[in-house]
Amino acid sequence: MNPLNHVAIIMDGNGRWGLKYKNSRNAGHKAGLSTVEKIIKETIKHKIKFLTLYAFSTENWKRPKKEINYLFNLLEIFLLKRIEDLHKQNIKLKIIGIKNFSTKLNKLLKLAEKKTAKNTRLHINLALNYGSKFELINAFKILSKKKNKVNEKNFVKYLQTKDTPDPDLLIRTGNTNRLSNFLLWQLAYSEIFFEKKLWPAFNKKDYNLIIKKFKKVKRNFGRI
Ligand code: IPE
Ligand code: IPE
Ligand code: MG
């Protein structure tokens, strides 16, 4: 049975779900937040130590302003309401991505990170305004300015995921089979599960089934 230390999730399909059932993409984003709560709970039950959630990509700025505003407003409300409880549950929250949001949201994110920094039960990376290509170029730039040798060990020090082992398992919901600029380096040896269900419809049973299948995969890492 494979150990499972880190799950990464591309939470895709909110908009389609919202349009189909509530006639509004934004209603899908709201429903997607409930799935986030359920999946966090289940992740803790499985004693998984790291969870990385893709919430907003560097490319998602191409969406209509109304949808972007709704998303960040939703995030603000979520943090204000839930951060205390996440902290009590010994959950660490870290943002990966470029923190250049409104002053209010930037502050809130920093506060949430600071407050939960020493927590140890579950480390959540929230990928917000995250783009893997940006992250990689940034790391190369920093490393090239240092005297350090260019090698894997030195390179990963400058990735935003430097405190996190690489994901063992990547799940993408929403019936789309692509990575969309997510953790291109870190996913080099992850087991990838593409799930047909849209994110708001994804539930703990689906999650548990994927985990069960993951545990039985023969992971080679180049060996036979
Ligand atoms: C994923 O759901 C969430 C974000 C990118 C913020 P989408 O909003 O991409 O939903 P679909 O893919 O359009 O259905
Ligand atoms: C990927 O979903 C980003 C997130 C889930 C946050 P998208 O819906 O933005 O991906 P594309 O544009 O369809 O590839
Ligand atoms: Mg999408």
Task: Of all residues in region 59-77 being aromatic (Phe, Trp, Tyr) and surrounded by 15 or more Cβ atoms within 10 Å (Cβ to Cβ), the one that is nearest to ligand 3 (Cβ to nearest atom) - done: TYR70
- [ ] State yes or no: is ASN175 open to solvent by 60 Å² or more (accessible area, probe 1.4 Å), in contact (Cβ under 8 Å) with a residue 40 or more places away in the chain, in a loop (DSSP other than H, G, I, E, B) and among the polar types (S, T, N, Q)?
- [x] yes
Task: Positions within region 43-57 being open to solvent by less than 40 Å² (accessible area, probe 1.4 Å) and part of a helix (DSSP H, G or I), in sequence order - done: THR43, ILE44
Open item on the list: Kindly evaluate ILE91 against the criterion of being β-branched (Val, Ile, Thr), under 22 Å from ASN60 (Cα atoms) and either open to solvent by less than 50 Å² (accessible area, probe 1.4 Å) or in contact with a Gly (Cβ under 8 Å, 6 or more places away or on another chain) (or both).
Closed with: no
- [ ] Residues being exposed (fewer than 14 other Cβ atoms within 10 Å of the Cβ) and either touching a residue at least 40 places away in the same chain (Cβ under 8 Å) or part of a helix (DSSP H, G or I) (or both): count how many of those fall in region 21-37.
- [x] 2
Open item on the list: One residue is enough: does region 6-15 have a residue meeting the conditions closer than 23 Å to GLY131 by Cα and either without any contact (Cβ under 8 Å) to a residue 60 or more places away in the chain or over 20 Å from the mean Cα position of the chain (by Cα) (or both)?
Closed with: yes
Task: Filter result (open to solvent by 60 Å² or more (accessible area, probe 1.4 Å), in a loop (DSSP other than H, G, I, E, B) and touching a helix residue (DSSP H, G or I) at 6+ places or on another chain (Cβ under 9 Å)) within region 196-215 - done: LYS197
- [ ] Would you be able to say whether some residue in region 137-147 is crowded, with 17+ Cβ neighbours inside 10 Å and under 25 Å from ARG25 (Cβ atoms)?
- [x] no
Open item on the list: Going residue by residue through region 153-168, is there one that turns out to be open to solvent by less than 10 Å² (accessible area, probe 1.4 Å), in a loop (DSSP other than H, G, I, E, B) and within 16 Å of ligand 3 (Cβ to nearest atom)?
Closed with: no
- [ ] Identify, from the list LYS20, LYS45, LYS30, the residue that is under 30 Å from LYS218 (Cβ atoms), at pLDDT 95 or above, more than 12 Å from ligand 2 (Cβ to nearest atom) and not hydroxyl-bearing (Ser, Thr, Tyr).
- [x] LYS45
TODO: Please go through region 44-59 and pick out each residue that is of a type outside the set (A, V, I, L, M), more than 15 Å from ligand 1 (Cβ to nearest atom) and within 13 Å of the chain's Cα centre (by Cα).
DONE: PHE50
Open item on the list: Against the condition surrounded by fewer than 19 Cβ atoms within 10 Å (Cβ to Cβ) and part of a strand (DSSP E or B), how does ILE224 come out, does it pass?
Closed with: no
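The values are calculated or read from the model by the stated rules, or taken from the named source; none is laboratory data. Everything numeric in this text was worked out from a predicted model, so none of it was measured. Cβ atoms come from the backbone with ideal geometry, glycine included; neighbour counts cover every protein chain shown. Ligands, DNA and RNA are excluded from the accessible area calculation, which covers all protein heavy atoms including side chains. Shrake-Rupley method; radii C 1.70, N 1.55, O 1.52, S 1.80 Å.
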